[in-house]
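In what follows, a structure is listed as structure tokens, so that the remarks can point back to it.
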């Protein structure tokens with residue numbers, strides 16, 4: 001991937017010491033990445049960046065939030081979820097003297113750098129906030145999971161699908 005325009009960047013040239021807060025709003029299509037160009041990310045993405053600058057480093061906290069639209073992996077019912085992610089990076093002023101690559105959370109920063117591009121870090125934070133499995137827990141049409149309220153009261157739907165009855169027979173067979 002070639003470097004393009006900085007989508008989410010904070011200007012650090014002339015930045016005073018202390019805590020600085022930034023808010024960004026973007027969409028998944030702004031990233032021009034196939035991983036984010038999916039139906040789940042139709043809504044706007046809110047990014048909050050808190051940068052704490054000292055004389056030797058800048059600590060950057062990234063928080064992402066969006067409302068994603070999924071399909072249940074079991075019953076294919078539409079599911080809307082708030083996705084939130086967070087990531088912390090420490091930018092240290094200086095040069096890499098010993099030839100080692102710094103750790104992922106620690107990055108070297110030149111003293112005369114005009115800005116810090118956080119676009120890639122925001123993209124990765126969004127991808128890491130995606131759930132591995134999406135299931136609807138409150139949908140009565142799904143039938144695989146029951147509501148916690150039903151479990152507490154002992155109520156259970158008397159109506160069973162044929163596949164649920166088959167699963168019960170298999171369960172009894174192997175016990």
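Across segment 85-115, what is the number of residues that are over 23 Å from residue 23 (Cβ atoms) and either in contact with a helix residue (DSSP H, G or I) (Cβ under 9 Å, 6 or more places away or on another chain) or modelled with pLDDT of 85 or more (or both)?
So the answer is 2.
Is it fair to say residue 82 is part of a loop (DSSP other than H, G, I, E, B) and either over 18 Å from residue 9 (Cα atoms) or at pLDDT below 80 (or both)? First the steps, then the outcome.
Values: part of a loop (DSSP other than H, G, I, E, B): no; either over 18 Å from residue 9 (Cα atoms) or at pLDDT below 80 (or both): yes.
Answer is no for this residue.
Say we look at segment 30-65 and pick out the residues that are in contact with a strand residue (DSSP E or B) (Cβ under 8 Å, 6 or more places away or on another chain) and part of a helix (DSSP H, G or I); which of these is surrounded by the fewest Cβ atoms within 10 Å (Cβ to Cβ)?
Among those that are in contact with a strand residue (DSSP E or B) (Cβ under 8 Å, 6 or more places away or on another chain) and part of a helix (DSSP H, G or I), it is 39.
Between 125, 137, which is surrounded by 12 or more Cβ atoms within 10 Å (Cβ to Cβ), modelled with pLDDT under 80 and not in a strand (DSSP E or B)? Break it down into steps so the answer makes sense when it comes.
Values: 125 fails: modelled with pLDDT under 80.
Unique residue meeting the criteria: 137.
The values are calculated or read from the model by the stated rules, or taken from the named source; none is laboratory data. Given the structure is predicted, the values throughout are model-derived calculations rather than measurements. Don't worry about glycine lacking a Cβ; one is built from the backbone with ideal geometry, like all the others, and counts go over all protein chains shown.
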